[in-house]
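Here the structure is laid out as structure tokens; the discussion comes afterwards.
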Amino acid sequence: MTLFVVLAVSLVLITLWPLARVLLRQPAPGTTAGHGSVGNLTLLHAQRAQNDADRAAGRIGTAEHAQAQTELARRVLEESAAIEPVGQSTHRTATLTLLLLIVPAFSVGLYARLGEPGAIRMAADNRQATTGATLADVDAMVRQMAQQLENRPADQPADAAAWEMLARSQAGLQRYADADRAYQRAIELAPDNPRLLADRADLLTMLQGQNAEGEPMQLITRALAIDPNHPKALALAGSAAYGREDFAAAQTYWQRARQRATPGSDFANGLDRSLEAARSGMQASGAETGTIAPAFAGIQGRVEVAPALRDQLREGDTLYITARTPQGPRLPLAVLRMTASAKPTEFTLTDQQAMSDQHKLSGEPEVVVEARISRSGNALPQGGDLSGRTQVVAHNTQGLRVLIDQVLP
């Protein structure tokens, strides 16, 4: 514990030094008065409650908890400098002094209370925390934070990180509908952030009774298309596959996530248990006499043509949708031929579209899906064809989106 205290205090002090410069600098001319201090304390209390809840539930370790507290202090100070009223230099100095005294003491005190194994107790009556704030106080502050984000001036919109912080705080208070709306706002501002997509998919899966079908699976697919190795998205994809009793795909996803998990972490240990469940599921599905494994559903999704290319479509154009292995032979695992359209086209790829009995979609856990619009109807690619492809996806992905956005040379 002594080593942790030294490291935690050192991290806090190192972080607060550049932040002190932020606090003490003069605000930009024309900054309007507001309620920055109240908003900052709101962010601090709300996110601290979420961090504490994650630590108590075992979702993060002690070091991760300390790092999150330090990062939170940095973000709050930066936000304070951005919205502080003109002429409040005294408040700046007071805030800096308060943080220099309280943040290190709070970090050490929090660990002393919650950091030791077996010391974590979730009181049913939600007793006051070490700062004296009750659950009702935190809830009120989170509501105030939401109101401030909603009322930000159009020329000073909140960034995705602020909405993400609000979403996590609301989820920690079990206000899941509000959290979902906050995640949506964050994703609007950062549509290519796989962490936001995975977090919202996790929330929606829980709201659907641990069922990832529909929108959650679409979000997971989007996250993996952006980052095929995103650990949480891989873990969620594995859970979705396990729910469909596709134990082989679940094992594949969880193994990839396990390779990227910190050894010895709660996340890694949870994946180990999940992998054992997947192996047991595969053994049970194949070992029982007369038992037939669940039918292979294949890949379901839709093809969309980028707006800039839609006017290039001609009547009689042919759409080819193929699934191939990421590496290996170019022979398609499945091929589907359809009439091209500027409107989204729904499709399903299964073993029925296989070109060889020894080279099927169900035999490859991961594939790449390609869509191509042919002018001549030729099955082989030609110059001038419109094309698009996905990142590596599972062979039973549902809700896949394939965007045709390029012209072959």
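The values are calculated or read from the model by the stated rules, or taken from the named source; none is laboratory data. Every value quoted in this text rests on a predicted model; they were computed, and no experiment measured them. With ideal geometry, Cβ positions are generated from the backbone for all residues, glycine too; neighbour counts draw on all protein chains shown.
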In the stretch 252-269, residue farthest from residue 365 (Cα to Cα) [restricted to those that are touching a residue at least 24 places away in the same chain (Cβ under 8 Å) and assigned to a helix (DSSP H, G or I)]
266
If residue 229 passes every condition in (1) assigned to a loop (DSSP other than H, G, I, E, B); (2) farther than 23 Å from residue 249 by Cβ; (3) polar (S, T, N, Q) but one, which one does it miss?
(2)
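Residues 165, 141, 145: which one is at pLDDT 80 or above and touching a His at 6+ places or on another chain (Cβ under 7 Å)?
141
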Selected residue [at pLDDT below 90 and more than 14 Å from residue 241 (Cβ to Cβ)] from 288, 304:
288
The lone condition residue 203 fails out of (1) outside any helix (DSSP H, G or I); (2) out of contact with any Leu (no Cβ under 9 Å at 6 or more places or on another chain) is (1)
Please indicate, with yes or no, whether at least one residue in the stretch 327-335 is touching a Ser or Thr at 6+ places or on another chain (Cβ under 6 Å), at pLDDT 85 or above and closer than 18 Å to residue 367 by Cβ.
yes
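Per-residue answers, yes or no, for (1) within 13 Å of residue 325 (Cα to Cα); (2) surrounded by fewer than 18 Cβ atoms within 10 Å (Cβ to Cβ):
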{"residue": "352", "(1), (2)": "no, yes"}
{"residue": "362", "(1), (2)": "yes, no"}
{"residue": "373", "(1), (2)": "no, no"}
{"residue": "389", "(1), (2)": "yes, yes"}
Is there a residue being touching a helix residue (DSSP H, G or I) at 6+ places or on another chain (Cβ under 6 Å) and either over 22 Å from residue 401 (Cα atoms) or of a type outside the set (A, V, I, L, M, F, W, C) (or both) anywhere in the stretch 329-340?
no
For residue 273, are the conditions met, namely being among the basic types (Lys, Arg) and over 16 Å from residue 392 (Cβ atoms)?
yes
Of the residues that make up the stretch 386-406, is at least one over 33 Å from the mean Cα position of the chain (by Cα), assigned to a strand (DSSP E or B), at negative phi and among the hydroxyl-bearing types (Ser, Thr, Tyr)?
no
